[in-house]
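Data first, discussion second: the structure below is written as structure tokens.
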């Protein structure tokens, strides 16, 4: 029981890092980017290639995956995404879905359709057990590492968005771009930095998930619905909402597959439908949030 709870928390933390960039672009930039999973795939593949071809240590691959995905995100934001900001949401959805299929085809062509394998360092392998009987807790070393890293990222993100000048400029740019520009805020630069940072977080999540999730060219399509569930259930008005939603989703998914394996992910979809019927605006939307 405790082991299932621990694994569910680790899975939820991983989903949070993968999905929080989408929450930022949808909630703060008002842009629906369904190609978000493609940036996660870039980070995962970059990590695998660096480790397999150049023997780069795993810990060094993580910041490289973040920076590499952020640079790709910045380039695409400047060239492709920016003209779409003022388009209707349906246009944004169709545009980003098209990018997903292009990314899937490109990665399948260059890296084949086989699943990518990451060899973790020895100190991240194995597990430790605590307690006895029904209350034994099995702690996987890598899952514990994921929880620590993702918790630190959640705290850092909350501080950046609520306590820094950049966070206040971003909120001002979202509320009214014209007024923000009149106050001297470079709205284009703020949106560029935000989109790149969200893409970098997705890439970092992809690097962290390469050993746990199935990393192949279909990754953006396979996990797109999970990202959307996190955003829909948690809301987009804060970092706390997607974090709690991701934890709920992770625990429900792991527990459902353990106790009712024949239902698979159907348990998660049932839970999502029930929650959204009860609170269509999401569980953790603040008063007055949209």
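The values are calculated or read from the model by the stated rules, or taken from the named source; none is laboratory data. Nothing here was measured: the structure is a model prediction, and the numbers come from that model. Counting neighbours? That spans all protein chains shown, and the Cβs are built from the backbone with ideal geometry, glycine included.
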*How about segment 138-148: which of its residues are buried (at least 16 other Cβ atoms within 10 Å of the Cβ), in contact (Cβ under 8 Å) with a residue 40 or more places away in the chain and farther than 11 Å from residue 9 by Cα?*
139, 140, 142
*Report yes if residue 50 is more than 21 Å from residue 99 (Cβ to Cβ), touching a helix residue (DSSP H, G or I) at 6+ places or on another chain (Cβ under 6 Å) and without any contact (Cβ under 8 Å) to a residue 40 or more places away in the chain, otherwise no.*
yes
*Consider residue 96 carefully, then state whether it is within 29 Å of residue 10 (Cβ to Cβ) and outside any loop (DSSP other than H, G, I, E, B).*
yes
*Kindly establish whether residue 23 is surrounded by 24 or more Cβ atoms within 10 Å (Cβ to Cβ), farther than 28 Å from residue 119 by Cα and modelled with pLDDT under 95.*
yes
*asked:* Of the conditions (1) in contact with a strand residue (DSSP E or B) (Cβ under 8 Å, 6 or more places away or on another chain); (2) closer than 20 Å to residue 249 by Cα, residue 131 satisfies every one except a single condition; which number is it?
replied: (2)
*Working only within segment 95-109, note down all residues that are over 23 Å from residue 82 (Cα atoms) and either in contact with a strand residue (DSSP E or B) (Cβ under 7 Å, 6 or more places away or on another chain) or surrounded by 16 or more Cβ atoms within 10 Å (Cβ to Cβ) (or both).*
107
